[in-house]
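Take a look at the structure below.
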């Protein structure tokens, strides 16, 4: 199955590549870096990634939406939100990291669904769409095909949780051990929630 990592200028490197490191350990998953128009996308940390245009993506794969400084402007970018709505609606699963959930919430696909986000930005995220059942105390949340995670590193815990549900807890633990990562396997254990 294809995993489409949707990138935009100033995305957070760990938001994207923490989950990518974990998800790429599954042989059946194939990573594809996409953006609205394709081409080079630079992360907040200055990493340049070559992306394919969104129109070339397999919309029925897994969509991963990281976060970045560009999120606050993208949430009002009608063209971007229309494209995100299209690919997220057709995706088999949709995973967001940090305030990437605000972008997904703007599509209205999360209306009436449980979701979470970075607790430091939760007030703003809630203002984007009040129809979402925002969970204020969760490392990550799952509702149907939608997985949303808290702050930046929480995307790694969510990715392992996603793998545990698809391939079993032992596989998730094996991956965490192989990258020497201490997995917070309890999605409700959010040490950063106030």
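The numbers here are math on the coordinates, done by the rules we state, and not lab data. Please read all numbers here as calculations on a predicted model, not as lab measurements. No Cβ is skipped: glycine too gets one built from the backbone with ideal geometry, and neighbour counts run over all protein chains shown.
Of note:
- The label point for residue 181 and the one for residue 40, both projected 7 Å from the Cα toward the Cβ, are 2.8 nm apart.
- Ranked by how many other beta carbons lie within 10 Å on average, peptides 98-106, 83-91, 112-120 from highest: 98-106, 112-120, 83-91
- If you bin all the Cα-Cα distances of the chain at 10 Å, starting from zero, the percentages per bin are 10, 41, 38, 11, 0.
- Theoretical FRET efficiency, 1/(1+(r/R0)^6), r = Cβ-Cβ of residue 59 and residue 193, R0 30 Å, to 0.05: 0.35
- Most simply put, the chain has about 30% antiparallel DSSP beta bridges, counting only bridges with both residues inside it.
- Once C-alpha pairs closer than 8 Å and six or more residues apart are averaged by separation and normalised to the residue number of the chain, the relative contact order reads 19 percent.
- Helix-only [θ]222 nm of the chain, DSSP H runs n ≥ 4, -39500 (n - 2.57) each, per residue, nearest 500: -10000 deg cm²/dmol
- When both segment 135-163 and segment 71-120 are represented by their alpha-carbon centers, they are found 14 Å apart.
- Model label sites at residue 48 and residue 166, defined 7 Å from Cα along the beta-carbon direction, differ in position by 3.1 nm.
- As a rough guide to protection, the peptides 61-70, 181-190, 132-141 ranked by mean Cβ packing within 10 Å, highest first, stand as 61-70, 132-141, 181-190.
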